Amino acid sequence: MPPTTTTAPSPSSSVYTVTGKISSFGGSHDSGVAPKETLALYTNIRARWLDQPIFNPHYCAMRWNYAAITRALGVSRGDALAWLRKQEVMVSVDGRTVACIPVDYGPSRSTGRIIDVGPKVLGVLGIETDDVVTVTLSDACILLE
């Protein structure tokens, strides 16, 4: 199922909603990431470290459009990434919602998925990889590729 945009960002709207498939990533058991692979938004943190208790288990990755965010905010790329790290991404299914923090870029377009989340997010939502969720970004400035 391809992602479906239900509310497109516009000057009059500050909410962006997209529906599509989900998957999980990160943590010591994630064989899909290289042992030394770091996160796009935190280059000093490895993806395999995300299951350590010092990290918020409600994290996510989406295909952020860094250039569009930089232009919309009128700031440098570094400042745009710092701004993005402070945003909340709401992931919902069947009346359950989890607020996630952006930490990485992904998932790969080839997967057909719209968002990767920490494994604990799947557990809280009671879903599995490739289930369909609705993702809401509260600021239309968070444009996706």
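If only residues of segment 72-90 that are within 23 Å of R109 (Cα to Cα) and touching a residue at least 24 places away in the same chain (Cβ under 8 Å) are counted, the one that is surrounded by the fewest Cβ atoms within 10 Å (Cβ to Cβ) is R85. All conditions but one from (1) buried (at least 19 other Cβ atoms within 10 Å of the Cβ); (2) modelled with pLDDT of 95 or more apply to I69; the one that does not is (2). Looking at Y59, is it within 17 Å of T38 (Cα to Cα), buried (at least 21 other Cβ atoms within 10 Å of the Cβ) and hydroxyl-bearing (S, T, Y)? Answer is yes for this residue.
Which residues, taken from segment 1-39, are of a type in the set (A, V, I, L, M, F, W, C), within 22 Å of K86 (Cβ to Cβ) and at pLDDT 95 or above? Before the answer, list the steps.
Narrowing segment 1-39 to residues of a type in the set (A, V, I, L, M, F, W, C): 1, 8, 15, 18, 22, 25, 33-34, 39.
When the remaining residues are screened for being within 22 Å of K86 (Cβ to Cβ), the result is 15, 18, 25, 39.
If the condition is that a residue be of a type in the set (A, V, I, L, M, F, W, C), within 22 Å of K86 (Cβ to Cβ) and at pLDDT 95 or above, then F25, L39 are the ones that fit.
When only residues in segment 15-56 that are free of Cβ contacts under 8 Å to residues at least 24 places away in the same chain and hydrophobic (A, V, I, L, M, F, W, C) count, which is surrounded by the fewest Cβ atoms within 10 Å (Cβ to Cβ)? The extreme case among them is I54. If only residues of segment 82-132 that are of a type in the set (K, R) and in a strand (DSSP E or B) are counted, the one that is farthest from G26 (Cα to Cα) is R96. Could you tell me which residue of segment 108-125 is surrounded by the fewest Cβ atoms within 10 Å (Cβ to Cβ), considering only residues that are charged (D, E, K, R) and modelled with pLDDT of 95 or more? Per the criteria, the residue is K120.
The values are calculated or read from the model by the stated rules, or taken from the named source; none is laboratory data. These numbers were taken from a predicted model, which means no experiment stands behind them. With ideal geometry, Cβ positions are generated from the backbone for all residues, glycine too; neighbour counts draw on all protein chains shown.
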